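Shown next, in structure tokens, is the structure this report addresses.
The values are calculated or read from the model by the stated rules, or taken from the named source; none is laboratory data. Keep in mind the model is a prediction, meaning the values are calculated, not measured. Cβ atoms come from the backbone with ideal geometry, glycine included; neighbour counts cover every protein chain shown.
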Amino acid sequence: MEGRCAVDTWTEFGFLRASNTPKVKLVVGTHVVVCTGDEEVYVFNVQDKRFAAVLQFPEGVVDLIESHDKHLLVACCSGVYCVDLQPLLVRPHGSSASSDPAELKISSEFCVLGGRGLSSLLLVGPLLLTLGQRNTSWLLTLYKTAQQKQPGSYEMLRSFSLPRLSPVSQGSAKTEHTRRSLLICVHSGRPTLPVPSGSHLTHRQFGIEPVLFKLLFGVDAALAKSPVVIWGLPDGRLCFLPLHLSGSQIRVLHSLEQPVAFVGASVVSETDPGQAQCLVAVGERGRVVLIRTDRSGPETGGSTAGFAERCVPGPVKCCCVDNNRLYYSTGSDLLTLNLLGSSGRQDAAVQIPTSLNVCRVIALAVHTCNEAGEVQLIGLSDRGTLSGIKLPNGEQEVGMSKLHASQVGRSVRDLLSAIGDICERASALKTVIKSQKLTLKRLNQVVNTCFLLKSPEEHLPTEEKPIRCCATVDWSRLLLKDSLNLTCVLENSSSCTLERGWTLCISVCPLSCSPVEAESSNFTFPILNLSPGGALEVSVPVAAAGGAAFPLTVNCSLAFSLLGVLEEQELESFAGLQSSFFTFSLNSLTVDWLHALQVIGPTAAQRSRATTDAVQAFLSSRQMKRRQGPDGGGESSAVYSACVWVSLELLRDTLRTRMLGLGTSEEESASISLSLLNWLLFESHGGVKMGRRGDQDGTSSSEVHARSPNEATVKLSVKEVNEENSVKEAHVEVQIESSSVAAVCGLRHAVLRRLQSLLAMVPVETAAAKMVQISDLKSALQRAEIQQSGISEALSSDVSSAQMNPFLLDVYQKLRENRLLMI
């Protein structure tokens with residue numbers, strides 16, 4: 001193209017916001033309607049070069065079109081407004097050309113249609129079509145002009161829904177809302193429906209040759225002369241719908257795989273100037289699709305619809321077409337593309353775009369296009385400048401060999417710049433694809449882990465679970481205060497890796513309280529990378545000395561947050577996702593009185609550990625005296641005890657089963673008591689072990705002195721009892737002694753829990769699995785009945801609480817003396 005464009009600046013609006021989508025429309029003869037994407041719509045008189053009117057709407061304008069009765073239909077996000085422009089465009093008599101434009105504030109009285117998420121408008125004869133987004137779908141609604149004289153009255157006929165896909169662009173989530181859909185209408189041959197005065201191209205209605213129409217939309221639509229609506233979407237789809245066919249459905253014509261920037265028709269037929277021979281679709285990243293008739297000849301079955309694709313330098317900000325040329329702007333340059341090629345034939349190869357040396361254009365419209373080849377465009381720049389762009393006369397296509405050297409250099413620079421832009425976009429796209437692949441890989445790992453945690457294997461024993469928790473407890477001293485700490489170890493024996501997004505949650509609460517009443521302590525530990533076979537060790541404070549109710553339940557669980565894999569903007573695109581946080585229970589641990597013991601040594605001759613202990617003992621003695629009262633009643637300072645008997649043969653079989661190095665000889669029977677004591681204190685029970693200090697490897701004595709969690713001194717002894725002249729078999733006695741009733745009860749409960757787990761592992765063939773002596777059982781039951789009757793009489797009589805407490809304590813001690821042998 002020889003020469004340069006002549007740009008005539010008409011007016012300036014000021015800088016436009018980048019998030020808006022401006023539009024330039026030709027309406028009412030020489031007037032241009034400019035929509036900047038804000039609430040204002042400007043009507044500009046091209047002939048007088050002045051503003052004729054300014055319309056202020058209650059919200060941002062997304063589309064506008066001229067109706068058949070010279071009204072302006074304006075679509076906002078929440079409705080369609082109808083404005084009569086004729087009174088605004090008539091200049092008052094005697095007013096000068098420089099007078100201020102008419103201003104009109106549009107209120108809800110101008111609203112003729114309500115809606116939500118509207119993005120496009122189209123008039124096809126008496127039908128008004130609106131396209132908008134509703135939640136997860138696109139909604140195309142058809143309205144018909146009501147049979148009234150009042151303008152702007154419409155009644156809904158029907159609507160069509162199309163699922164909304166995620167946009168194919170790699171921009172931020174904000175840009176998705178700024179992209180708009182595009183609506184056009186095509187007819188078979190010349191349009192027969194009435195349209196506003198002016199070019200059909202201006203009002204987005206095109207007539208295409210009947211052969212191409214039949215090939216694209218079917219014989220039924222061609223025979224019925226049905227107009228077909230085509231629209232382009234931000235996800236790249238080109239969809240169509242015949243309007244006058246009963247039972248017609250939305251179908252996809254093509255996909256550009258990038259947001260659609262323009263849909264139109266061009267390449268006017270020489271025999272019938274009212275018909276176009278080609279549909280044109282342009283994507284935002286430079287993909288151009290020409291849809292036309294491919295006349296391959298009788299040997300291949302006749303004509304078919306051909307889809308020719310090519311890429312031009314992008315990104316494409318705006319487009320428009322005349323008879324056979326496509327004009328588009330990349331923001332940095334305005335280019336033209338000859339759709340016929342250098343030979344002037346429809347099937348010729350499309351040429352390289354030619355620069356028109358106009359920059360910053362973000363909205364385009366064709367103003368004039370005459371037979372002499374004169375073309376004038378209207379352009380709106382991102383700086384808010386409205387200009388007339390007149391293309392040079394006598395344009396001619398020439399080969400590269402006939403171009404001037406300066407033009408060749410400029411073309412090479414343009415090509416290199418385009419290649420650089422493509423390489424930059426390809427590199428960015430490759431980075432995004434790599435990031436998405438990594439995200440999918442991590443999500444797949446997360447899904448596999450979730451299935452593993454929710455599989456039927458979750459009912460397996462704790463030690464057999466692929467992902468489990470175990471713990472040790474130990475006392476520590478800080479600032480003269482003792483505290484019990486729990487060291488929890490998360491073991492990953494599965495084939496999955498726990499990466500960022502996973503969190504280990506630990507909840508500690510007393511077992512004696514209900515979940516509603518209990519005041520639990522919760523701890524969370526983020527997991528960065530826990531590979532298969534690895535372990536994560538964390539420590540949490542369980543209780544302070546004398547300040548906890550044992551036993552304690554420790555609930556371990558794994559929680560996963562999708563924010564560890566996806567960004568917050570990406571999560572918003574998942575409309576059906578109820579929560580981004582998922583929790584999976586692992587296992588529960590129990591910390592009882594035996595776990596919380598502080599072993600002092602094998603003898604009772606222990607010195608006071610600190611001055612604070614002496615002060616505490618003194619305060620405790622004073623509290624005891626106050627409880628006793630002036631008459632000396634109340635609790636005594638006696639030592640309480642409880643015993644549990646276990647069959648010696650049972651212990652020999654079960655402890656040997658646990659591979660503690662015990663045999664069946666007489667020498668091993670002598671060490672059974674020591675082995676049982678070590679097993680009670682230092683083996684794992686309920687998933688928790690007592691921590692050992694230094695090189696401590698169990699105790700070497702069958703008698704242990706310790707401090708309980710309530711700071712009372714406890715004596716725990718195990719001895720073998722073999723009474724002569726007794727029908728009872730040899731057994732082992734576990735005895736608990738302490739001045740604290742709470743310590744005796746809690747420790748006895750802990751011992752029974754451990755022995756119950758031991759009984760569950762008794763071999764079937766063991767000799768210890770025999771019946772309990774009936775006589776012992778009967779006598780024990782008789783003694784229990786006597787004590788129960790005594791309690792009933794005491795409760796029925798009027799006895800004070802000071803007298804009742806010693807009585808109940810005495811009954812408790814007598815019941816503990818009814819020792820039943822565990823066999």
(message) Can you find a residue that is aromatic (Phe, Trp, Tyr), modelled with pLDDT of 90 or more and in a strand (DSSP E or B) anywhere in region 237-245?
(response) yes
(request) Kindly indicate whether any position in region 350-359 is under 42 Å from the mean Cα position of the chain (by Cα), modelled with pLDDT under 90 and closer than 23 Å to residue 413 by Cβ. (result) yes
(request) Pull up region 40-69, narrow it to residues that are buried (at least 16 other Cβ atoms within 10 Å of the Cβ) and of a type in the set (D, E, K, R), then point me to the one that is nearest to residue 101 (Cα to Cα). (result) 50
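Looking at region 1-57, what strands (runs of 3 or more DSSP E) fall wholly within it and have at least 1 residues that are modelled with pLDDT of 85 or more and more than 45 Å from the chain's Cα centre (by Cα)?
6-12, 31-35, 40-45, 50-56
Just a yes or no: is a residue in region 620-641 at pLDDT 65 or above and surrounded by 15 or more Cβ atoms within 10 Å (Cβ to Cβ)?
yes
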(request) Would you check which residues across region 219-238 are closer than 17 Å to residue 280 by Cβ and over 30 Å from the mean Cα position of the chain (by Cα) and list them? (result) 228, 229, 230, 231
(message) Would you confirm whether or not region 152-171 contains a residue that is outside any helix (DSSP H, G or I), β-branched (Val, Ile, Thr) and modelled with pLDDT of 85 or more?
(response) no
(message) Of everything in region 465-510, what is in a loop (DSSP other than H, G, I, E, B), touching a residue at least 40 places away in the same chain (Cβ under 8 Å), surrounded by 17 or more Cβ atoms within 10 Å (Cβ to Cβ) and not polar (S, T, N, Q)? Give them in sequence order.
(response) 465, 496, 501
(request) Could you list all residues from region 247-268 that are under 17 Å from residue 220 (Cα atoms), of a type outside the set (Val, Ile, Thr) and either in contact with a Ser or Thr (Cβ under 9 Å, 6 or more places away or on another chain) or outside the structural domain of residue 213 (by TED's automatic domain parsing) (or both)? (result) 248
(message) Checking residue 782 against (1) part of a helix (DSSP H, G or I); (2) modelled with pLDDT of 65 or more: exactly one of these is not met. Which one?
(response) (2)
(request) Consider residue 439 carefully, then state whether it is among the β-branched types (Val, Ile, Thr) and part of a strand (DSSP E or B). (result) no
